[in-house]
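> This is the structure, below, for whatever I ask next.
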Amino acid sequence: SWPCSRGDRLKDPGHVVEETGRKDPCRVVEETGRKDPCCVVEETGLQDPGCVVEETANVSNFVTFMNDNYPPGFTYQNFAKEFTAEFFEPNDWADLFQLSGAKYVVFTAKHHEGYTMWPSKYSFSWNAKDVGPKRDLVGELASAVRNKTNLKFGLYHSLFEWFHPLYLQDKANGYKTQYFVGNKTMPELYELVTTYKPEIVWSDGPMDGKYTYWNSTQFIAWLYNNSPVKDTVVVNDRWGKGLKCKHGDFYTCRDHYNPGHLLPYKWENCDTVDKNSWAFRRNAKLEDYHTIQELLSRFISTVSCGGNFLLNVAPTKYGVITPIYEERFSQLGTWLAINGESIYDTTAWTSQSDHLASGVWYTYSIIIYIIIFSLTSLNMINILLKIIGFVESYALSKIKRGKGKYFIIEYTQKKSNSVVYAIVLNWPKNGLLLLGSPTLVPESTITLLGYTGNLQWNETGNGIKIQFPDRESVKSKWAWSLKLTNTTN
């Protein structure tokens with residue numbers, strides 16, 4: 001499997017679609033193949049031990065399968081010629097990613113086996129141009145995404161390689177030598193960034209070897225200061241042993257990471273459609289795939305706690321995203337088309353989940369406006385601001401001098417004008433929902449996204465009682481977003 005989708009670079013952890021900052025990738029994400037050790041070929045009939053979500057696979061099963069179905073002496077490298085990608089249509093992939101509501105894409109440029117999806121001069125005869133598809137898969141998808149969508153394009157890259165003799169030599173030397181780093185993985189990574197200009201560099205792999213062995217800080221310093229993407233690029237936290245959840249523009253910590261509470265940093269939940277594998281499995285059953293309801297639950301709880309949601313999809317060796325994945329992506333897009341305002345441009349609220357109603361998660365909308373004036377006098381700006389009636393609903397956040405004669409003025413939406421979203425995972429029993437966390441005022445309103453009528457609601461001593469309408473009159477089929485204005489907490 002190959003690509004994945006990830007997100008924009010943002011200033012506020014809650015924002016999703018704007019490109020206003022430097023450190024924060026956006027929250028709504030899809031991915032296709034990021035963690036797949038079988039990225040050259042996954043068609044072995046059973047899960048590859050490296051592709052399994054839980055590392056409890058019985059290796060003897062795979063050995064038996066290989067012995068029963070492949071000729072003696074068949075090696076991992078022999079799979080490369082079977083990776084054909086003859087039905088790979090990058091424009092179709094780009095269309096699906098856009099349809100799903102994703103805001104960025106990250107393609108798996110190289111996984112742990114070292115096979116590159118572009119014609120790297122550092123991976124002779126072990127790349128998609130020399131053996132297998134005979135195509136530059138990275139370049140093709142990059143062009144499709146940039147030409148057909150408004151998504152950001154990023155690349156995944158594994159620092160280490162299972163089989164490379166130079167890496168194995170460095171490992172045997174206790175990582176006191178850097179033959180592999182200096183001659184293979186780092187030159188390759190510089191080549192990748194310079195050639196394809198990704199706005200997300202998603203590093204993976206180094207279970208061993210400190211960042212000093214990998215020369216990670218040297219590369220990231222170049223990336224931020226001198227690379228062709230220095231003004232927009234973001235990186236994750238997998239740059240050396242012991243660095244997960246410690247350093248990076250966003251933290252990934254571990255796969256399927258969802259703490260269920262608010263964290264003080266930007267983080268990401270890497271998740272899968274297939275409950276048991278990151279890879280495409282020919283022997284997967286329908287019950288092995290998460291339903292759209294299950295995926296929305298994982299997605300919404302992640303967003304409520306300030307995280308990105310990284311959803312994996314596993315294409316086949318012939319370059320097709322199979323219908324079950326296509327359906328899940330389309331369903332996510334359908335849901336976001338109705339409920340997107342409760343996800344995009346939001347951040348974590350005071351409460352993440354309701355303390356009375358189970359299965360209710362909150363997000364918070366706070367709007368930031370940036371105005372740039374070409375004026376030389378700060379006093380003139382203050383006079384101008386008094387003239388603009390705009391300040392009634394928005395509080396002045398900061399004024400700073402830009403380049404030349406420009407002043408940058410930032411307004412933040414006042415709390416009394418803020419919007420809180422309560423996303424309800426399960427339709428309430430008898431259509432009646434009791435919320436305990438929000439506090440409202442007489443001017444407050446409650447509406448339901450995807451429903452044009454008025455909701456009946458009232459405050460009680462126990463909380464806010466909301467009567468849901470007839471279910472057939474609501475557009476959303478799964479998970480429903482209530483919009484609450486003028487909350488006081």
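Any read-out appearing in this document is the output of simple, stated calculations on the displayed coordinates, not a laboratory observation. Computed from a prediction, not measured in an experiment: that's the story for all the values here. All Cβ positions, even for glycine, are placed from backbone atoms using ideal geometry, and neighbour counts span all protein chains on display.
> Go ahead and run the numbers for FRET between Lys197 and Lys241, Cβ-Cβ distance against an R0 of 22 Å, rounding to 0.05.
The calculated FRET efficiency here is 0.15.
> Distance in nm between label sites at Leu432 and Tyr179, each 7 Å beyond Cα in the beta-carbon direction?
Result for the modelled spin labels: 7.5 nm.
> Same structure again: Compute the label zone of Leu263 within the stretch 228-256: residues whose backbone N is under 19 Å from the point 7 Å along Cα-to-Cβ.
234-256
> Can you give me the distance in nm between label points at Thr232 and His256, each placed 7 Å from the Cα along the Cα-to-Cβ direction?
About 3.5 nm separates the two model spin labels.
> Hey, another quick one. Could you tell me the distance between the Cα centroids of the stretch 190-269 and the stretch 419-471, to the nearest Å?
After rounding, the separation between the Cα centres reads 41 Å.
> Given 0.36 nm per residue, what is the gain on full extension from Asn489 to Leu168 after removing their alpha carbon distance, in nm?
110.0 nm
> How high is the relative contact order of the stretch 77-339? Use alpha-carbon pairs under 8 Å, at least six apart in sequence, and give a whole percent.
Here the relative contact order equals 19 percent.
> Something else: Output the direction-averaged projected area (hull surface divided by four) of the convex hull of the alpha-carbon atoms of the stretch 77-339, in nm².
Hull-based average projected area comes out at 14.1 nm².
> Could I ask something else about it? Indicate, rounded to the nearest 5 percent, the antiparallel portion of the DSSP beta bridges found entirely in the stretch 77-339.
10
> Right, next: What's the Kirkwood radius of the stretch 249-315 in Å, using all Cα pairs?
About 12.6 Å for the stretch 249-315.
> Follow-up. For the cross-link pairs Lys103/Lys285; Lys171/Lys266; Lys81/Lys110; Lys134/Lys197; Lys230/Lys266; Lys81/Lys152, which exceed 24 Å when the distance is taken from alpha carbon to alpha carbon?
Lys103/Lys285; Lys171/Lys266; Lys81/Lys152
> Here's another thing I want to ask about it. Roughly how many whole Å is it from the C-alpha centroid of the stretch 346-360 to that of the stretch 63-127?
Between the Cα centres of the stretch 346-360 and the stretch 63-127 lies a distance of 40 Å.
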